[in-house]
Amino acid sequence: MYGVYRALKEVISSKLFLMTTLACFDGNILSLSASGAISDLSVIVVTALTCIAGVGAWTAAIEEYVIRRKKRKYFVLTALISISLVSITCYIGAIIGLTFNGVMKYFSSLAVLTIALQIIGLIPETRIPIPIGILAFGIIAEVISWML
Amino acid sequence: MDVVMGGFTSAILAWISIILVTFALRRLNVDDRTFRVFGGFAIASIALIISGVQIPSYTPLILTVTGLILGFLRANRADSSHGNK
């Protein structure tokens, strides 16, 4: 039991875990799945190489699992948790996308555009993720449009 | 393809890229700035597709792969010119 706890603690505190799961928490994956865009093959590859992996994740993986060989046993566990989190986020996004079909499309498009600007470096990273804020506004706007 | 299956495939592809770069291509060196700029444009083209603008669906993929190749070439050219000095 202590071994599992220790392994989880080691995985969650690793830089690679942060790099590969950040997209689940800052609204990247959520907005892509809510709009249904992630069902297209080209979008799947772009999301894999820019949102989930990318240069930062590759560098972190080389640092943690090639230079520090002791940590290699946690590599598979990190991958499993990361893949599960992405799939769960996509499931949540799919539910949001199925429920809201009106103005939500434009808000998720705007959220994806801010993600693009953040990747280029034109918008700095904020404490509250901007895409999450835009998606929240989108949900409120959608509910208001239902009421009217 | 289903959205959840798409996310799962995307995560698997991301980890395949990590495994390849980590264990097989340890010497692969990509210029971060070039890759980020092209990746950003790729995501922006996805935003256009979502909002309903008619652009080819493979545009983001082409932009990402171009960024990867140009980033790799730029980083290696910088390394070789640094080595020549």
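Key figures for this structure:
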item	result
Given charges at Cβ of Lys, Arg, Asp, Glu: chain A dipole, positive-most of A:124, A:19, A:104	A:19
Between helix A:2-12 and chain A: long-axis angle, C-alpha atoms, 0 to 90°, nearest 10	60
Pairwise label distance in nanometres, residue A:147 with residue A:5, each label 7 Å out on the Cα-Cβ vector	4.7
Peptides B:43-53, A:10-20, A:44-54 ordered by average Cβ neighbours within 10 Å, highest first	A:44-54, B:43-53, A:10-20
With 5 Å bins from 0: P(r) over the protein assembly as shown, alpha-carbon pairs, percent	1, 7, 14, 18, 18, 16, 11, 7, 4, 2, 1, 0, 0, 0
In chain A, lysine pairs closer than 28 Å at Cα, eight or more apart or cross-chain	6
Distance between the stretch A:105-131 and the stretch B:5-74 - C-alpha centres, whole angstrom	17
Estimated inter-spin distance, residue B:73 and residue B:19, nm [label 7 Å along Cα→Cβ]	3.0
Rg/Rg_ref, the stretch A:13-148, where Rg_ref = 2.2 N^0.38 Å and atoms are Cα	1.15
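Where a number appears in this text, it was derived from the coordinates with a stated rule and is not lab data. Since this is a predicted model, take the numbers as computed values, not measurements. Glycine also receives a Cβ, built like all others from the backbone with ideal geometry; neighbour counts cover every protein chain displayed.
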